[in-house]
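Take a look at the structure set out below.
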Amino acid sequence: MNAEVSQLGARSVTARAYGKINVFLSVGPQRADGYHDLVSVFQSLDLAETITLSPAAETAVTLTGPRADTTVPLDSRNLAVQAVAALSEAAETHIPVAIMIDKQVPVAGGMGGGSADAAAALVAYAELIGCDDAELLARIAAELGADVPFALTGGTAIGTGRGDELVPVAGSGTFHWVLATSVESLSTPEVYRTLDELRCETSAATDDTLHDPDDVVTALTAGDPHALAGVLHNDMTDAAIELLPGIADVMESGRQAGALAALVSGSGPTVGFLVADPTHALDLTVLLEATRGVRDVVRTTAPAGGAHLVIG
Ligand code: C5P
C-alpha cells in the first residue's frame, strides 16, 4: 500500500447520484466536433446510483444492487473510473480506490446511469482527497460526457449546447413514471447517426431547427402531469424506432393501458410512461411486465436531487 493510502487509513466515502429522463429533446444538426446541438429538458429520477470509494492498493470496480449487469465495463471504459482518474490528475493527488457501484438505474437504457456513476464518483473522490473546488468538478463533468453535468446538479433543468450548458427550472409537484426497459440495446451514437440519415432521406424530416421547450417548462412549473403529457417531445423517437421497431409496439401497449403519454427516454430503447398517480403506475406495471420485448419495468418519480454525499 502506498504512503498516501496508509495516511488515509480505511476511510470510505459514499455518494449518490440519480438517473434522468429527457421530457423534451430537440436535436439540431451535427457539429464539427461530431456532437449535435440540442435543447433538452431534464428531470432527475428517483433511481439512485450509490458509489462507495475505499482507498486500496489499486483501482478496481465491483457492482452490486438490483441492476448490476454483466455488460457494464469494469475497466477504464467505466465512467466512474474515468471520473476518479480525471479528478486525481487535475488535483495531482493519486490515491487508488476500490469503487463499489450499487446500481438502480437500468443499464444502457437512455436514463443516464453511467453519467450518474461519474457524478457520484466525482463527489465521493473530491471528499476523499479534500477537494472543494465545485468549478473544477463541473468542468471535469462536462469533459466526461454530455449528460454528466446534469447528473451533478439534478432536479429539473434546460440543457443546451451538447446538453451540458444547464439552466435550472423551478418545477413543482411530483411526476409518476413507469419505465419499460428493452431486451435489446441501442448505441447512442448509432441513434444520432440514424436520425441524421432519416433527415437526409425524407424532406419532411429535414427540419433540424432547434425548438424551444416553453410548453414543457410551463407544465413542469405547474406540476401538472396532464399538461405535461400533451407536450412531451423527443426528436430521437423515429430513429430509435427505425433501429428497433418493437419500441413502437411497447409505446402503443402502454397508451392503450391508460398511460397519459409514452416517450422514448433519451436515445432509447427504454420507453417512459407518464401516469397520473401511483395506482395507475401499478396497473401499468402489471401489463407491461407481460409485454413482448420488455425486459424490466421500473416505477419511479421525478424530480430527484443532484449528486451528494451519503453520510453515515
Ligand atoms: O457525451 P456522451 O459520451 O454521453 O455522448 C455519446 C455519443 O452520443 C457521442 O459520442 C455522440 O455520438 C452522441 N451525442 C451527440 N450529440 C450530443 C450528445 C451525444 O451526437 N449532444
(message) Viscosity 0.890 mPa s, temperature 25 °C: give me the Stokes-Einstein translational D for the stretch 100-162 in µm²/s, with Rh taken as the Kirkwood radius over C-alpha pairs.
(response) 199 µm²/s
(request) Could you quote the convex hull projected area for the stretch 1-145, Cα atoms only and averaged over all directions, in nm²? (result) 9.3 nm²
(request) At most 13 other Cβ atoms within 10 Å and a DSSP loop assignment: could you name the GluC sites (Glu not before Pro) in the stretch 54-121 that fit? (result) E58, E92
(request) Using only the C-alpha atoms of the stretch 24-98, find the volume of their convex hull and express it per residue in Å³. (result) 160 Å³
(request) Could you calculate the FRET efficiency of E58 with D208 from 1/(1 + (r/R0)^6), where r is the beta carbon distance between them and R0 is 41 Å, rounded to 0.05? (result) 0.35
(message) Projecting each Cα onto the charge dipole of the stretch 175-302 (Lys/Arg +1, Asp/Glu -1 at the beta carbon, about the Cα centre), which of L263, L287, T194 comes out farthest on the positive side?
(response) L287
(request) Enumerate the amide H contacts of A98 below 5 Å, restricted to partners 5 or more residues apart or on another chain; note that Pro and chain-start residues carry no placed amide H. (result) S54, A56, A60
(message) Out of the total accessible area of the chain (probe 1.4 Å, heavy atoms of protein only), what percent is carbon and sulfur?
(response) 51 percent
(request) Please compute the net charge surrounding A118, taking Lys and Arg as +1 and Asp and Glu as -1 over other residues with Cβ under 11 Å from its Cβ. (result) -4
(request) Note down the net charge around A180, summing +1 for each Lys or Arg and -1 for each Asp or Glu among other residues with Cβ under 13 Å from its Cβ. (result) -1
(request) With runs of 4+ DSSP H residues as the only contributors, calculate the mean residue ellipticity of the chain at 222 nm using -39,500 (n - 2.57) per run, divided by the residue total and rounded to the nearest 500. (result) -10500 deg cm²/dmol
(message) Need one number for the chain: average projected area of the convex hull over its C-alpha atoms, nm².
(response) 15.9 nm²
(message) Let me check I've understood the local charge: for T194, count other residues with C-beta under 9 angstrom from its C-beta, Lys and Arg +1, Asp and Glu -1. What total comes out?
(response) -4
(request) Would you mind getting the Kirkwood hydrodynamic radius of the stretch 175-302 from its Cα pairs, rounded to one decimal in Å? (result) 15.2 Å
(message) So for the chain, averaging the separation of alpha carbon pairs under 8 Å that are six or more residues apart and normalising by length, what relative contact order in percent results?
(response) 25 percent
(request) Please report how far the C-alpha centroid of the stretch 270-308 lies from that of the stretch 45-93, rounded to the nearest whole angstrom. (result) 26 Å
(request) Go through the stretch 292-301 residue by residue and turn each phi into a ³J(HN,Hα) via Karplus (6.51, -1.76, 1.60, θ = phi - 60°); whole Hz please, and just put x for glycine and proline. (result) 4, x, 8, 8, 8, 10, 10, 9, 7, 10
(request) Would you mind checking which residues have amide H under 5 Å from A261's amide H? H placed 1.01 Å from N; only 5 or more apart, or other chain. (result) L274
(request) Bin width 10 Å, alpha-carbon pairs only: give the P(r) of the stretch 69-192 as whole percents, running from 0 to the bin holding the largest distance. (result) 11, 40, 35, 13, 1
(message) For a quick check: with amide H placed at 1.01 Å from N, whose amide H comes under 5 Å from D37's, ignoring anything fewer than 5 positions away on the same chain?
(response) G28, R31
(request) Send over a whole-number figure in Å² for the accessible area per residue of the chain, probe 1.4 Å. (result) 44 Å²
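The values are calculated or read from the model by the stated rules, or taken from the named source; none is laboratory data. Just so you know, these numbers come straight off a predicted model, no measurement behind them. Glycine also receives a Cβ, built like all others from the backbone with ideal geometry; neighbour counts cover every protein chain displayed. Note: areas computed on protein heavy atoms with side chains; ligands, DNA, RNA excluded. Shrake-Rupley method; radii C 1.70, N 1.55, O 1.52, S 1.80 Å.
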